[in-house]
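Participant: Let me begin by handing over the structure; questions about it come next.
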Amino acid sequence: MTIADESAAPEYKRPTIWQLAVPSIASNLMFSMVAMVQTKFVGSMGAPAVAAVGAGQRVFFALQALLMAIGVGTTALVARSWGAGQREEASRITSASLMFGGLVGLVLMIFGMIFSHQIAEVFGLDENAAQLASRIGNTIDPRELLELAVADAASVDTRRTIDRAESRQQALALLLMSPEFQRR
């Protein structure tokens with residue numbers, strides 16, 4: 001590279017703190033807007049529905065904080081590797097973080113589906129509101145999740161065990177403990 005080439009290169013301009021912060025501020029404001037819209041939609045359904053949505057929002061924000069922590073940690077590690085010129089290491093960290101975040105999300109989702117009613121009760125909801133808050137966990141068919149998650153890799157024994165489960169929650173727990181699911 002010659003001196004003439006260096007002068008032709010555009011000068012890097014460091015972004016301001018506002019340029020970096022505005023996207024995060026906007027996304028957090030949008031999450032809050034979603035919570036307000038959800039509350040507005042169920043407001044006419046009565047107090048149990050509003051309480052159920054409020055409990056769901058608290059769980060969502062707690063999980064959002066956990067997943068944001070993973071993102072912040074990833075950003076720091078990738079920035080350090082990138083700054084040191086270790087592009088392959090930065091790529092490896094990004095891939096590992098995406099897999100870890102996906103795994104954490106999957107485990108939390110399944111835990112929430114299995115124990116949705118118990119989680120709803122933690123918030124002191126009455127029985128009607130707890131039923132509304134935990135309804136989604138009672139609509140997941142473990143056999144459909146088996147097909148979605150492991151498809152052809154599921155053995156006949158695993159399919160039979162899930163089919164013989166006494167409850168949906170037991171079937172989901174057996175699915176999570178199955179060797180095929182553990183290998184995924």
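The values are calculated or read from the model by the stated rules, or taken from the named source; none is laboratory data. Quick caveat, the model's predicted, so the values are computed rather than measured. Heads up, the Cβs are rebuilt from the backbone with ideal geometry, glycines too, and the neighbour counts pull from every protein chain shown.
Participant: Can you spot a residue in segment 97-114 that is surrounded by fewer than 14 Cβ atoms within 10 Å (Cβ to Cβ) and touching a residue at least 12 places away in the same chain (Cβ under 8 Å)?
Facilitator: yes
Participant: What are the residues in segment 108-123 that are outside any helix (DSSP H, G or I) and within 15 Å of Arg58 (Cβ to Cβ), if any?
Facilitator: Phe123
Participant: Which of (1) modelled with pLDDT under 80; (2) under 16 Å from the mean Cα position of the chain (by Cα) is the odd one out, the single condition Arg58 does not satisfy?
Facilitator: Status for Arg58: all satisfied but (1).
Participant: Among the residues of segment 158-184, which ones are charged (D, E, K, R) and touching a helix residue (DSSP H, G or I) at 6+ places or on another chain (Cβ under 9 Å)?
Facilitator: Arg159, Asp163, Arg164, Arg168, Glu180, Arg183, Arg184 - these are the residues of segment 158-184 that are charged (D, E, K, R) and touching a helix residue (DSSP H, G or I) at 6+ places or on another chain (Cβ under 9 Å).
Participant: How many residues does segment 154-164 contain that are over 17 Å from Gln182 (Cβ atoms) and under 27 Å from the mean Cα position of the chain (by Cα)?
Facilitator: 0
Participant: Oh, and also: Out of Glu89, Glu180, which single residue is assigned by TED's automatic domain parsing to the domain that holds Val59, farther than 22 Å from Ala65 by Cα, surrounded by 14 or more Cβ atoms within 10 Å (Cβ to Cβ) and in contact with a Ser or Thr (Cβ under 8 Å, 6 or more places away or on another chain)?
Facilitator: Checking each option against the conditions leaves just Glu89.
Participant: Looking only at segment 67-97, count how many residues are within 30 Å of Pro142 (Cβ to Cβ) and either β-branched (Val, Ile, Thr) or within 11 Å of the chain's Cα centre (by Cα) (or both).
Facilitator: 2
Participant: For segment 149-167, which residues satisfy the criterion of being loosely packed, with under 14 Cβ neighbours inside 10 Å and touching a residue at least 12 places away in the same chain (Cβ under 8 Å)?
Facilitator: Ser155, Asp163
Participant: Applying the selection to segment 149-171, what residues are at pLDDT below 80, of a type in the set (A, V, I, L, M) and part of a helix (DSSP H, G or I)?
Facilitator: Ala149, Ala151
Participant: What helices (runs of 4 or more DSSP H) lie completely within segment 1-94 and have 1 or more residues being among the aromatic types (Phe, Trp, Tyr)?
Facilitator: 17-42, 47-83
Participant: Do any residues in segment 75-91 that are among the aromatic types (Phe, Trp, Tyr) have Cβ atoms under 7 Å from those of residues that are surrounded by 13 or more Cβ atoms within 10 Å (Cβ to Cβ), where the two are at least six apart or on different chains, and which pairs are they?
Facilitator: Cβ pairs passing all conditions: Trp82/Ala90.
Participant: Within segment 75-104, track down each residue that is among the β-branched types (Val, Ile, Thr) and over 30 Å from Arg183 (Cβ atoms).
Facilitator: Thr75
Participant: Enumerate the pairs (first residue in segment 115-132 and of a type in the set (Asp, Glu); second residue anywhere and assigned to a helix (DSSP H, G or I)) with beta-carbon separation below 7 Å, excluding pairs fewer than 6 apart on the same chain, so at least 6 apart or on different chains.
Facilitator: Listed by first residue and then by second, the contacts come to Glu121/Ala130; Asp126/Pro48.
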